[in-house]
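Structure first, commentary second.
The values are calculated or read from the model by the stated rules, or taken from the named source; none is laboratory data. Fair warning: this is a prediction, and the values are worked out from it, not measured in the lab. Virtual Cβ from ideal backbone geometry, glycine too; neighbours counted across all protein chains shown. Heads up: the accessible areas ignore ligands, DNA and RNA and are worked out on the full protein's heavy atoms, side chains in. Shrake-Rupley method; radii C 1.70, N 1.55, O 1.52, S 1.80 Å.
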Amino acid sequence: MNEPDRTVTTRRTLLKGAAGLAAFGFTAPLLAQPPAANRPPPVPGTRLIMLGTRGGPGVSVDRSESASAVVVDGVPYLVDCGYGTMRALVAAGIGYQTVSTMFLTHLHDDHTADIAALLSHQWTGSKMTPTNVYGPYATERTVKGAIEFFRPNVEIRTVDEGRKEKPEEMFFGHDVDVGNDPVRVFADDKVVVTAATNTHFPERFVARMQHRSLGYRFETSTRSICFSGDTAYSANIVKLARGADVFVCEVMDHRTYENNMRRAAEAAAAGNEENIFRHVAETHSTPTDVGRMAKEAAVKTVVLNHQLRGQAANGFTISSFIDGVRSVFDGNVIVGEDQLVI
């Protein structure tokens, strides 16, 4: 029962050691990419790299906001792009210039904050191939807005560096039409991606807006990986994840859920029926919810992501995540950490 906890602790210790080296100036071996001619050949097969596992908007020194990479025969496919993603891509040895395909689960800022920075640096770094971003309603508008954000940079460099490339001819956003049942949204020679809506946005809000929140499934020749996206328990995600080798699912500590339910009731009593506490409590998954979805979908391995962690002073431990999932699901459970490769 405690073995995964020890594994995670070991990985965290190694990461802290890397951070310590960086503090003394030893950054090049950890973060810089070697010249293309000196890089090893791409690793064959399918790897999942956790780039950012922090739950919710905010900045911390030890974990980035939501982002993951599915790397197939050396080709990266990015899932979400929260704050810290660019640095995480470099730390993982992927780099941001190699990213040409991105998928957004939804458009909360903890999943999109690094999009403008990434596209801007791709343009400034003379990326020659297009970058396509797929996601729910308003993804196209989000990419256009990112381009406008760095438009002054383009104007300046066009004059003083003689640039010719136009970002609107390089970066493209695509709104995908997704409903309750899994539907194919992308395919190339390495991967087929299907998607379905989840329950991060309750029905009372879905009726009032076009915005949606999605889960994605990646099928390659060697693996199937499903991402829940931010969601409460979702029958749609169970369908999407059925039989997957890896189920990457968000998680919220039980005590965090209970505390937010209490504060939501207090806010409602004060006249604010819709409040942040109700949103957090109602639209995320407890470990038991994760286990239930994993069991019903008959997945092989659960990887906990977008972690809304409680305070250690209030009794939170990593084991509480694992124990909660395993109270329902008897497969493998891994607590994701930034830079973890699966």
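Please give the number of the condition S126 fails out of (1) open to solvent by 10 Å² or more (accessible area, probe 1.4 Å); (2) part of a helix (DSSP H, G or I).
(2)
Can you name the residue in region 217-268 that is crowded, with 22+ Cβ neighbours inside 10 Å and of a type in the set (S, T, Y) and, of all such residues, is nearest to the chain's Cα centre (by Cα)?
Ranking the candidates gives S228 first.
Just name the residue that is farthest from D245 (Cα to Cα) out of those in region 298-342 that are among the small types (G, A, S) and either in a loop (DSSP other than H, G, I, E, B) or in contact with a Ser or Thr (Cβ under 8 Å, 6 or more places away or on another chain) (or both).
For region 298-342, the residue satisfying everything is G315.
I need the full set of residues from region 319-342 which are in contact with an Asp or Glu (Cβ under 8 Å, 6 or more places away or on another chain) and closer than 27 Å to V90 by Cβ, in order please.
Across region 319-342, the qualifying residues are V335, D338.
Any residue at all in region 190-207 that's at pLDDT below 95 and either among the aliphatic types (A, V, I, L, M) or closer than 24 Å to G74 by Cα (or both)?
Checked against the condition, which is being at pLDDT below 95 and either among the aliphatic types (A, V, I, L, M) or closer than 24 Å to G74 by Cα (or both), region 190-207 yields at least one hit.
Which strands (runs of 3 or more DSSP E) does region 1-111 wholly contain that include 1 or more residues that are of a type in the set (S, T, N, Q) and either in contact with a Leu (Cβ under 9 Å, 6 or more places away or on another chain) or modelled with pLDDT under 95 (or both)?
Strands (runs of 3 or more DSSP E) meeting the threshold: 67-72, 101-103.
Go over the candidates E266, E273 one by one and state the one that is assigned to a helix (DSSP H, G or I) and modelled with pLDDT under 95.
When all the criteria are applied, what remains is E266.
What are the residues in region 202-216 that are over 13 Å from the mean Cα position of the chain (by Cα) and of a type in the set (A, V, I, L, M, F, W, C), if any?
Within region 202-216, F205, V206, A207, M209 meet the criteria.
So that you can scan it fast, the table gives a plain yes or no per residue for (1) of a type outside the set (K, R); (2) open to solvent by less than 30 Å² (accessible area, probe 1.4 Å); (3) under 22 Å from C226 (Cα atoms):
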{"site": "H111", "(1), (2), (3)": "yes, yes, yes"}
{"site": "N132", "(1), (2), (3)": "yes, no, yes"}
{"site": "R151", "(1), (2), (3)": "no, no, no"}
{"site": "E155", "(1), (2), (3)": "yes, no, no"}
{"site": "D160", "(1), (2), (3)": "yes, no, no"}
{"site": "K164", "(1), (2), (3)": "no, no, no"}
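For region 35-80, which positions are more than 15 Å from E250 (Cβ to Cβ), open to solvent by less than 60 Å² (accessible area, probe 1.4 Å), touching a strand residue (DSSP E or B) at 6+ places or on another chain (Cβ under 8 Å) and free of Cβ contacts under 8 Å to residues at least 60 places away in the same chain?
Within region 35-80, S60, A69, V71, P76, L78 meet the criteria.
Where in region 133-209 are there helices (runs of 4 or more DSSP H), lying fully within it, with 1 or more residues that are among the small types (G, A, S)?
In region 133-209, 139-149 are the helices (runs of 4 or more DSSP H) which contain 1 or more residues that are among the small types (G, A, S).
Here is a list: R292, R278. Which entry is assigned to a helix (DSSP H, G or I), more than 22 Å from the chain's Cα centre (by Cα) and closer than 23 Å to F201 by Cα?
From the options R292, R278, the qualifying one is R278.
Please verify whether H284 is closer than 22 Å to H108 by Cβ and assigned to a loop (DSSP other than H, G, I, E, B), treating the condition exactly as stated.
Yes; evaluated as a whole, the condition is true for this residue.
Hydrophobic (A, V, I, L, M, F, W, C) and open to solvent by less than 20 Å² (accessible area, probe 1.4 Å), is that true of F103?
Considered against the rule, which asks whether it is hydrophobic (A, V, I, L, M, F, W, C) and open to solvent by less than 20 Å² (accessible area, probe 1.4 Å), F103 comes out as yes.
So which residues in region 81-98 are touching an Asp or Glu at 6+ places or on another chain (Cβ under 8 Å) and open to solvent by less than 20 Å² (accessible area, probe 1.4 Å)?
Within region 81-98, C81, G82, G84, T85, A88 meet the criteria.
Pick from region 204-216 the residues that are of a type outside the set (F, W, Y) and touching a residue at least 40 places away in the same chain (Cβ under 8 Å): which of them is most open to solvent (accessible area, probe 1.4 Å)?
Q210
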